[in-house]
Number of protein chains: 2
Amino acid sequence: MSVSIGENIYSVTRSAGIASDAFCGGRGLCGKCRIIIREGRELLSDLAESEARFLSNTEISDGYRLACETMVKSPGDLVIEIPRESQVRRQRLSVLGLEREVPRTPIVRKYVVQVPKPTLDDATADLECLLNSLKPTHGLHSLSVSYEALKKLPEILRSGKWTVTATVRDAEEIMDVDPGDTSEKRYGFAVDIGTTKLAGYLVDLGNGSVLATTSMTNPQIPYGEDVISRISYVMEDKKKLVELQTTIIDAVNRLLGEAVGTAKIERKDVYDVVVVGNTAMHHIFFGITPDFLSLSPFSPAIQSSLDIRAKEVGLGVNSGAYVYSYPIIAGFVGADAVADVIATGLFEAEEISLLMDIGTNTEIVLGNRDSMISCSTASGPAFEGAHIKHGMRAATGAIEKVWIDPDTFEPSCRVIDETKPEGICGSGIVDAIAEMFKVGILDGTGKMTKELDIPRLRHNGERCYVLAKGDETVTGKEIVVTQHDVKEIQLAKGAIYSGISIAMKRFGVDRNQIVKIYLAGAFGTYVDPESARMIGMVVDVPTDRFEFAGNTAGSGARMALISSETREVARSMVRKIKYLELAAEMDFHEEFMNALYFPHKEIERFPDVAKLIKTATL
Amino acid sequence: MSVSIGENIYSVTRSAGIASDAFCGGRGLCGKCRIIIREGRELLSDLAESEARFLSNTEISDGYRLACETMVKSPGDLVIEIPRESQVRRQRLSVLGLEREVPRTPIVRKYVVQVPKPTLDDATADLECLLNSLKPTHGLHSLSVSYEALKKLPEILRSGKWTVTATVRDAEEIMDVDPGDTSEKRYGFAVDIGTTKLAGYLVDLGNGSVLATTSMTNPQIPYGEDVISRISYVMEDKKKLVELQTTIIDAVNRLLGEAVGTAKIERKDVYDVVVVGNTAMHHIFFGITPDFLSLSPFSPAIQSSLDIRAKEVGLGVNSGAYVYSYPIIAGFVGADAVADVIATGLFEAEEISLLMDIGTNTEIVLGNRDSMISCSTASGPAFEGAHIKHGMRAATGAIEKVWIDPDTFEPSCRVIDETKPEGICGSGIVDAIAEMFKVGILDGTGKMTKELDIPRLRHNGERCYVLAKGDETVTGKEIVVTQHDVKEIQLAKGAIYSGISIAMKRFGVDRNQIVKIYLAGAFGTYVDPESARMIGMVVDVPTDRFEFAGNTAGSGARMALISSETREVARSMVRKIKYLELAAEMDFHEEFMNALYFPHKEIERFPDVAKLIKTATL
């Protein structure tokens, strides 16, 4: 690839589609287009002022530059690396989360066997004929048979002319038999049951590939936006649980129907299902009362993993299939959090990592391979756009990225699908507030300043900052961030930070010891870590320690489909995860009050942020 | 007990109700009232002529007498033993079969536990709380939980104020939980599914006692009297199997309903079900196609034991209960035969025994603890009264016992419930034919003699012998044994004997080595072994080697309820039972043809019978 003299690197990397998409459009304002010059530093322009601001001294000496500020001065060969943190935005479009390589050992396997026909001299029974043929060829020595498979076996053996495919679960049970060779047809379905959103993944168990991805809004939303309100609904009477369970089972069946339609396969060839969800979603899915999750001591009905016949739950897959759920940790740290830990590999690393699956509840896991601590904070639905004046879900027309010019206080916004804006989604509101705080529109207590006299900032009525004027929007009405919106975000981020903070105290680490922060969940995938750090939603560590993990609940679920070892790993892993009930922690209230500040009442906890703030009125 | 001088022993033993019920009413004609004089032989009358006929020399020297022929002559002390063969008739009224003592280790057990409540500091999940309490108290370390039990657990723990009863299956699975202490309520249901009759036994799993016994005619009879005709019905189309299965499941549910009603317990407290039946009944009960049982090589769908959720089969018992079936041996030697072997203990004995479960199919098992051989013969429904001119089931009004005066050729009949006769049942027809042969009315080929000119024997039209005259019967019409009836019995007994004979040849034993013959099944319980031997239906061994085993299929089923070890015993035992497919045996046809004779074409096979025959025209 060639770059003309005088051209900046950003223009090339961007047009080639290989690198970071800077939010400020290449104006040296966002610091997102970081590159590393491996060879040819001498051919490039000198370090710009903005680069000095965004890059640490170590980074500079390592060859880091901002692509938009780096001009080619002389001819020659350049070797440029695009670091992961700059590539990361590319994952924004991916519905698949971070996923580690795991051995491809699905719990369900197919075996094609030639079964010897019984004779008058040796009229061995059909099942025993089949078992005898499976033994020598495949070393399957003590198999049982599912009732359904047994019932069809005599016909199948004869219609397949004694060549049949036995589908075996966990090297233990013949769950199905087909005539002839159907070994290619074996699929699994992984489902992430979010409070707000459902995602389904149809996986080829043979090669581990994802054949179809489907998603939909959780149809339980009308019964309550958050987990607690749904539990309240169920508590009204016993029929409500069945109602909610039916709702979710029907939805999963719809997801499955779409997925098998897309992949052009048959439902009966789906032999395994994995569901993950928070504890309440898990209980409701399985028809277990979630009532006691909302009553102290908030204990769940079961902690260990579940294997239930899919038929018994009502899923329309192979009649011998089971639905598996990872174990859960506590009433508010569920199987989805376990899937997060599995997918990120946090439990295997020597280094200490922090995992945050940000949603209506934010699950926090901190630790390493030796031990982990987990807790859950009620962060509320603000990050999903709820309770925010112009909040909306992260869909077409949502402002997802905001930058405010520190001199003019004029905003730049990026809108999903590059349409006119219609509202603002979670990552957008966090960005907006972080920028407002950074440029001094907000003070540390979250109040909008009265001192600035700028057109974007209105003081009459409820104070607000105008992100988009009426003539710029889809609706023709302006899009603003209100003082109340700021309050909502303060409560949400305060809950998260105080959870992290207490987990760190109990675990006995300080922020510098945290080598990696995984941001998981839909919001976690889109939020700008720098903004998150700016408002004090996360601990103050260098942003290159952040990793966007995406929908790790979904990828963890897929890993359980692909690899039976993963289930065993989860079983032993959860024993290492201590659960911290924040409600029972004496210092939670104080931590929470202090965490309402931007970035925190104790600014010394955020030294790097302090350096970036234009005006700090703490 | 005192006996007057001049009185015979029979009058005392009979009135005291402790001994044999002679068929001839104490006339020295039937030889059934055998007693053994242990002390005081010198006080008694001399041996009568009839005693010399019925007792062997060894028996005589051992102190055997016939009670009706033994008079007290002098005062003094007598010690009299009633040998088992004379007591045996007492079992005739019992629906319970022979049953060995087995360790009382039902597969389902109940544990009452005080579960520690979770706290904020230790919010252990409900299931894990329960598991933790079961571990130390009861040593149950790796329990799973049924889906139904899991779903109700949170409510049960709280409604029981954390004292609950866990019902555990096989020390493996918590199948149910109740609030408080319900440990007294644990029941099981054993069902014997005969082709013709169903019998159900409600058992208290705590003490092994039978709380209720219920029986009914198999409602599948309209679909075919025998197994083969029912299989033909099923083969018509796939829906017929469901129809037949539903019929039998409904019937078992009715039996169960009656039993729990009698015992005043609840269906939900029935935690275990055992069914036994021949292979076709077994397959139909479980909804497995029996089609291939009627096609060479007659192989069943499964040989090993079955454990199926009772709910899946459609039984109305506890929702966590399983229905167990013993393993089966072959297409025509089923779980009922395994139950027979278990109940009689044949598989444990050093001595060689022969077991015959006589029915539409007669299952034969020969062997000892080292090895066994089994086969099945199509003996047809004649022993159940079918295809016999005046045949009827063994119910009120059936002639069940016949004796013919060798001098006058006049019959004496005993009728079930001592009413006027209405017809003749299986044991009656065998008796009648045996007596007819013994006194010379029939010759060895089964023909009715033309030489006797007696009023009871009619020569015009089809030859027949009049058992009861019109004025003696319920219907006002005479009851006869026809030449065709004789033919039917010849075919039936010929099938049985040839099966036994080939089994003996293959096993390598002669009749003298057979130390015990178990007669099982309803007919087997009522048939007179002497008559059976007389017509050549069984091998010629001393009749004291016969043991009436009764409904051993039912008792074997109860043993599996009471003792989990019994199931394990059955599993390893069936491996020692070789199956002999008579249809594949070259000598079967010749054996069968010879076995049509009374008692056999080769009379030397029946030396004891030969001695007893008045006229042998072989």
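The values are calculated or read from the model by the stated rules, or taken from the named source; none is laboratory data. This one's a predicted model, so the numbers in the text were calculated from it and none came from an experiment. Because the Cβ atoms are built from the backbone with ideal geometry, glycine has one as well, and the counts that use them run over all protein chains shown.
Observations on the structure shown:
- Odd one out for A:ILE500, checked against (1) among the β-branched types (Val, Ile, Thr); (2) surrounded by 24 or more Cβ atoms within 10 Å (Cβ to Cβ); (3) over 15 Å from A:ALA337 (Cβ atoms): (3)
- In the range A:118-142, the residue that is nearest to the other protein chains (Cβ to nearest Cβ) out of those that are within 45 Å of the chain's Cα centre (by Cα) and among the polar types (S, T, N, Q) is A:SER142.
- Being of a type in the set (A, V, I, L, M, F, W, C), under 30 Å from B:GLU266 (Cα atoms) and not assigned by TED's automatic domain parsing to the domain that holds B:SER564 is a property that holds for B:ALA335.
- Screening the range B:291-363 for strands (runs of 3 or more DSSP E) wholly inside it with 2 or more residues that are among the charged types (D, E, K, R) and within 14 Å of another protein chain (Cβ to nearest Cβ) returns the ranges B:306-309.
- Summed over the range B:148-168, the residues that are within 11 Å of another protein chain (Cβ to nearest Cβ), touching an Asp or Glu at 6+ places or on another chain (Cβ under 8 Å) and not charged (D, E, K, R) give a count of 5.
- Single match in A:VAL145, A:VAL191, A:VAL115, A:VAL177 (criterion: aliphatic (A, V, I, L, M), within 14 Å of another protein chain (Cβ to nearest Cβ) and touching a Phe, Trp or Tyr at 6+ places or on another chain (Cβ under 9 Å)): A:VAL115
Every residue, every condition in (1) under 16 Å from B:VAL527 (Cβ atoms); (2) under 16 Å from the mean Cα position of the chain (by Cα); (3) surrounded by fewer than 24 Cβ atoms within 10 Å (Cβ to Cβ), yes or no:
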| residue | (1), (2), (3) |
| --- | --- |
| B:SER319 | no, no, yes |
| B:GLY331 | no, no, no |
| B:ALA337 | no, yes, no |
| B:ILE342 | no, yes, no |
| B:GLY391 | yes, no, yes |
| B:GLU422 | no, no, yes |
| B:ALA432 | yes, no, no |
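Here is a yes/no grid of residues against (1) over 29 Å from B:TYR111 (Cα atoms); (2) in a helix (DSSP H, G or I); (3) modelled with pLDDT under 95:
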position: B:LEU244; (1), (2), (3): yes, yes, no
position: B:ASP250; (1), (2), (3): yes, yes, no
position: B:GLY261; (1), (2), (3): no, yes, no
position: B:ILE265; (1), (2), (3): no, no, no
position: B:LYS268; (1), (2), (3): no, yes, no
position: B:ASP272; (1), (2), (3): no, no, no
position: B:MET281; (1), (2), (3): yes, yes, no
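- Filtered residue count, the range A:44-63, keeping only those that are among the hydroxyl-bearing types (Ser, Thr, Tyr) and out of contact with any Phe, Trp or Tyr (no Cβ under 9 Å at 6 or more places or on another chain): 3
- The range B:566-583, subset in a loop (DSSP other than H, G, I, E, B) and within 14 Å of chain A (Cβ to nearest Cβ), residue farthest from B:ASP170 (Cα to Cα): B:GLU581
- Annotation for the range A:595-602: at least one member residue is more than 24 Å from A:VAL102 (Cα to Cα), in contact with a Ser or Thr (Cβ under 7 Å, 6 or more places away or on another chain) and surrounded by 20 or more Cβ atoms within 10 Å (Cβ to Cβ).
- Those residues of the range B:377-422 which are modelled with pLDDT of 90 or more, over 21 Å from B:THR196 (Cα atoms) and not in a loop (DSSP other than H, G, I, E, B), in sequence order: B:LYS401, B:VAL402, B:TRP403, B:ILE404, B:PRO411, B:SER412, B:CYS413, B:ARG414, B:VAL415
- Matching residues, the range A:190-223, being under 24 Å from A:ALA386 (Cβ atoms) and free of Cβ contacts under 8 Å to residues at least 12 places away in the same chain: A:PRO222
- Residue check, B:ASP226 of a type outside the set (Lys, Arg), under 16 Å from B:ASP204 (Cα atoms) and either touching a residue at least 40 places away in the same chain (Cβ under 8 Å) or assigned by TED's automatic domain parsing to the domain that holds B:THR362 (or both): no
- Residue pairs whose Cβ atoms lie under 8 Å apart, sitting 6 or more positions apart in sequence or on different chains, and linking a residue in the range A:35-48 that is more than 14 Å from A:SER61 (Cα to Cα) to a partner that is in a helix (DSSP H, G or I) and of a type in the set (D, E, K, R), are A:SER45/A:GLU69; A:ALA48/A:GLU69.
- Flag: A:ASP237 matches the condition of being acidic (Asp, Glu), closer than 22 Å to A:VAL227 by Cβ, within 14 Å of another protein chain (Cβ to nearest Cβ) and surrounded by fewer than 24 Cβ atoms within 10 Å (Cβ to Cβ).
- Being modelled with pLDDT under 95, of a type in the set (D, E, K, R) and not assigned by TED's automatic domain parsing to the domain that holds A:LEU452 is not true of A:GLU591.
- Matching residues in the range B:398-410 - criterion: being surrounded by fewer than 20 Cβ atoms within 10 Å (Cβ to Cβ) and either among the aromatic types (Phe, Trp, Tyr) or touching a strand residue (DSSP E or B) at 6+ places or on another chain (Cβ under 9 Å) (or both): B:ASP405, B:PHE409, B:GLU410
- Lone qualifier among B:GLU173, B:GLU184 - being at negative phi and out of contact with any strand residue (DSSP E or B) (no Cβ under 7 Å at 6 or more places or on another chain): B:GLU184
- Some residue of the range B:508-528 being over 17 Å from B:LEU366 (Cα atoms), buried (at least 19 other Cβ atoms within 10 Å of the Cβ), among the aliphatic types (A, V, I, L, M) and at pLDDT below 95: yes
- Test: residue in the range B:96-108 that is within 28 Å of A:PHE286 (Cβ to Cβ) and modelled with pLDDT of 90 or more: yes
- Residue check, A:GLU451 free of Cβ contacts under 8 Å to residues at least 60 places away in the same chain, in contact with a helix residue (DSSP H, G or I) (Cβ under 7 Å, 6 or more places away or on another chain) and not in a strand (DSSP E or B): no
- Those residues of the range A:448-469 which are within 28 Å of A:ALA394 (Cβ to Cβ) and not acidic (Asp, Glu), in sequence order: A:MET448, A:ARG456, A:LEU457, A:ARG458, A:ARG463, A:CYS464, A:TYR465, A:VAL466, A:LEU467, A:ALA468, A:LYS469
- In the range B:425-441 there is no residue that is in contact with a strand residue (DSSP E or B) (Cβ under 7 Å, 6 or more places away or on another chain), part of a strand (DSSP E or B), modelled with pLDDT of 90 or more and not assigned by TED's automatic domain parsing to the domain that holds B:MET537.
- Residue list for the range A:344-374, filter: surrounded by fewer than 24 Cβ atoms within 10 Å (Cβ to Cβ) and out of contact with any helix residue (DSSP H, G or I) (no Cβ under 6 Å at 6 or more places or on another chain): A:GLY345, A:GLU348, A:ALA349, A:GLU350, A:GLU351, A:GLY367, A:ASN368, A:ASP370, A:SER371
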